[in-house]
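> Sharing a structure, written as structure tokens. Questions coming.
Readers should treat all values here as calculations from the given coordinates under stated rules, not as data from a laboratory. Everything numeric here is computed off the predicted structure, so don't read it as measured data. Cβ placement follows ideal geometry from the backbone for every residue including glycine, while neighbour counts extend to all protein chains displayed.
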Amino acid sequence: MRNAFCSALVSLSARKQIVFMTGDLGFMALEPLQAAMGDRFINAGVAEQNMVTVAAGLASGGEQCWVYSIAPFVYGRPFEQIRNDVCLHNFDVKLIGNGGGYGYGVMGATHHAIEDYGVLCGLQNMHVHVPAFADDVEPIVRRMAASRHPAYLRLGRCEKPKNWMLPSYAPWRLLLPGSAGVFVIVGPGAGGLLEALTQIAEAERPEVWVATDLPFQMEAIPSRCIEKIRETGSLFVLEEHVAHGGAGQMLAHLLLEEGVHPGRFRHFHAEGYRSGLYGSQAFHRAENGLDPASVLAVLAEAGHRDTV
Amino acid sequence: MHYEAKVGHIGGNLSALDAILHLHSSVMGDADIFVLSKGHSAGALYVSLWATGQISDDALRSFHGNGTALAGHPIAGWHKRIAYATGSLGHGLGLAAGVALGKQLRGDPGRVFCLLSDGECQEGSIWEAVIFVHHRKLANLVVLVDVNGLQGFGSTRDIASLEPLAPKFRGFGLTVEEIDGHSPEALDAALAKRGDGPLVVLLRTVKGRGVSFMEGRMEWHYLPLNESQYQLAMRELMEI
């Protein structure tokens, strides 16, 4: 998604005067943006706290400022700067975190971001966007640019199945019809799961929705999705994020307030580092039960229980 | 104001008041921006804005009360001269750097004045910002440091000394002036120095300036005044 983001920013910078800041990251990826933006492309050095605060100062003078780093370095290290300098002032600063979830794999836990949007969604005025596919990035960047509020964009690796015809972008998209419940997916894990779920008959699989905008707003959830949850009484949520503050908790909270209470709720989420060992993103997904095989096993068990 | 509200932070307000008032009354124009990084001196900023006719009597009287915009540390968005919610130390210089950089990118006029405290310079983010403002050659930025030598729980020398402070800033490549922080004339002379990068003005000040029993006393970082102390302080200040 990083290349899609770079292209989207190059286009944006051609039609809108923005400032881009990086915490010395983006080698072999952001050079086209650097060339396009000239003195408005600023490498702030390895000093993320200062980078975010400077971005807030720039925004206070009317600039829209896009701030880029590896995800944990853009939301964790400068957390108070985001809270005080950006969010309390409702300044137009966009935080871009590359490698959401376990994206940096065997690089180690310091480079993972499994609690990023849970932390950020608690801040005043903050909006979070989690594209599931590279194709989502450009329309999301357009929407972020059109807003004057703080925002966080969590980038990952696109896993769109080959030859998959993706419907045009929307914050909530129905990607696969099904009858056995509703499956809401946040993030690029949608790709592998879609491929796996197509192997199951429509009558036996859940309907798959992909959502990109957090925190969830009840009015943004399509009525068809809500009705399907009511009708089937089954809701599954998958995200590469811890349960606490995650999309699953947000959705459950909203639905309860709305009087929608499915009898079955299964939340597939990150738990951390159960074995204490490290590997690829796929390794960590499997350890946390987020890989397609683990999810299908749970769904099969649930389906079996229903037929007993 | 602090007496009526029964709140402290008087010492650091009195050490900074002369510089803040002079900036607002005689130095800054419409295009200039002031960032109070030592947010606990909000009272001195409110008084300076009141003294220059930019805050009403009623607003000033609401200081620290329920429903006020004049909180113990600045809140942003209600007054054009109070644009930044500071109070957690180490943020103002980065904010000022962003404002100055924006002016530089757009070719806008005006200078940016940022007031730090000496204790605040123990925050690492200050030095991240110092590296940045020097590297970007932000010649429209003036960094003032209220060097009153005292902080929350003792003297800066005893807790985590950065003295001598001037060589620290010079070592990062900045131009430094060191003056009597209570002298408007000295401040004018220092601000007249212009280079190709940011200017640092170290204001040698006295915490609790103007009130004998407060001057140089650490406890007035936090303590509120009782009635007899208030009456004595007022008598002394009237004699200045």
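> Could you calculate the contour length gain from B:Asp108 to B:Met238, that is, 0.36 nm times the residue separation minus the distance between their Cα atoms, to one decimal place in nm?
Extra length from B:Asp108 to B:Met238 when fully extended: 42.6 nm.
> Which links in A:Lys16/A:Lys160; B:Lys38/B:Lys207; B:Lys137/B:Lys193; B:Lys80/B:Lys207; B:Lys6/B:Lys80; A:Lys162/A:Lys228 stretch past 25 Å when you go from one Cα to the other?
In this structure, A:Lys16/A:Lys160; B:Lys80/B:Lys207; B:Lys6/B:Lys80; A:Lys162/A:Lys228 lie more than 25 Å apart at Cα.
> Which of the three applies to the stretch B:7-126, rounded, prolate or oblate, going by the alpha-carbon gyration tensor with a ≥ b ≥ c and a/c under 1.5 meaning rounded?
oblate
> Another question, if that's okay. Using modelled amide H (1.01 Å from N, peptide plane; none on Pro or chain starts), what sits under 5 Å from the amide H of B:Leu150, excluding residues fewer than 5 places away?
Result for B:Leu150 returns B:Thr156.
> By how many nm would the segment from B:Arg61 to B:Tyr3 grow when fully extended, if each residue of separation counts as 0.36 nm and the alpha-carbon distance is taken off?
19.8 nm
> Still on this structure, please answer the following. For the stretch B:12-205, with only Lys/Arg (+1) and Asp/Glu (-1) charged at the beta-carbon, what is the dipole magnitude about the Cα centre, in debye rounded to 20?
That gives the stretch B:12-205 a dipole magnitude of about 500 debye.
> Percent of Cα-Cα pairs per 20 Å bin, from 0 to the last occupied bin, for the protein assembly as shown, please list those.
21, 43, 27, 9, 0
> Further question on the same structure: What is the order of B:Phe153, A:Phe183, A:Phe27, fewest Cβ neighbours within 10 Å to most?
A:Phe27, B:Phe153, A:Phe183
> Still on this structure: Rounded to the nearest 500, what is the protein assembly as shown's calculated 222 nm mean residue ellipticity when only DSSP H runs of at least 4 contribute -39500 (n - 2.57) each, over all residues?
Here the helix-only value at 222 nm equals -10500 deg cm²/dmol.
> Oh, and also: What list of whole percents do you get for P(r) of the stretch A:1-160, with Cα-Cα distances grouped in 5 Å bins up to the one holding the largest distance?
Final binned percentages: 2, 10, 21, 25, 24, 14, 5, 1, 0.
> Charges at C-beta only: +1 for Lys and Arg, -1 for Asp and Glu. How large is the resulting dipole of the stretch A:146-237 about its Cα centre, in Debye rounded to 20?
It comes to approximately 340 debye.
> Next up: Run the quick spin-label model on A:Arg264 and A:Asp39: label points 7 Å from Cα toward the beta carbon, then report their separation in nm to one decimal.
Distance between label points: 6.2 nm.
> Where both residues lie in the stretch B:128-240, what percent of DSSP beta bridges are antiparallel, nearest 5?
Once the DSSP bridges in the stretch B:128-240 are tallied, antiparallel ones form about 15 percent.
> Check A:Asn288: other-chain or 5+ apart residues with amide H under 5 Å from its amide H, H built from backbone geometry?
Excluding prolines and chain starts, which carry no amide H, there are no hits.
> To the nearest 20 Debye, how big is the dipole of chain A about its Cα centre, given +1 on the beta carbon of each Lys and Arg and -1 on that of each Asp and Glu?
It comes to approximately 360 debye.
> Which percent, nearest 5, of DSSP beta bridges in chain A are antiparallel?
15 percent
> A follow-up question, please. In what sequence do B:Val112, B:Val130 fall when counting other Cβ within 10 Å, fewest first?
With the fewest neighbours first, B:Val112, B:Val130 line up as B:Val130, B:Val112.
> Separate question: Can you list residues from other chains, or at least 5 along the same chain, whose modelled amide H is less than 5 Å from the amide H of B:Val200?
B:Val143, B:Thr175, B:Val176, B:Glu177
> Separate question: Compute the long axis of helix A:247-257 from its Cα atoms, compare it with the longest principal axis of the Cα atoms of chain A, and write down the angle in degrees, 0 to 90, nearest 10.
Helix A:247-257 sits at roughly 70 degrees to that axis.
> Here's a follow-up. Could you state the number of Å between the C-alpha centres of the stretch A:203-280 and the stretch B:170-223?
After rounding, the separation between the Cα centres reads 56 Å.
> Listing A:Asp85, A:Asp136 from the residue with the fewest other Cβ atoms within 10 Å to the one with the most, what is the order?
The order, fewest Cβ neighbours first, is A:Asp136, A:Asp85.
> Right, another one. At 4 °C and 1.567 mPa s, grab the translational diffusion coefficient of the stretch B:95-176 from Stokes-Einstein with a Kirkwood Rh over Cα pairs, rounded to a whole number in µm² per second.
Translational D for this selection: 96 µm²/s.
> If you don't mind, there's one more thing I want to ask. Using only Cα atoms, locate the centre of the stretch B:1-55 and the centre of the stretch A:157-183, then give the distance between them in Å, rounded to an integer.
After rounding, the separation between the Cα centres reads 57 Å.
> Spin-label point model (7 Å from Cα, Cβ direction): what's the B:Ala51 to A:Arg157 distance in nm?
So the label points at B:Ala51 and A:Arg157 sit 6.2 nm apart.
> At what distance in nm do the modelled label points of A:Leu25 and A:Glu231 sit from each other, each positioned 7 Å from its Cα along Cα→Cβ?
Placing both labels 7 Å along Cα→Cβ, they lie 4.3 nm apart.
> If r is the Cβ-Cβ distance from B:Arg194 to B:Ser25 and R0 is 25 Å, what FRET efficiency results, to the nearest 0.05?
Efficiency at R0 = 25 Å is approximately 0.70.
> Calculate one ³J(HN,Hα) per residue across the stretch A:286-296 by plugging θ = phi - 60° into the Karplus curve 6.51 cos²θ - 1.76 cosθ + 1.60, and present them in order as whole Hz with x for glycine and proline.
Values per residue, Gly and Pro as x: 5, 5, 9, x, 9, 7, x, 4, 5, 5, 4 Hz.
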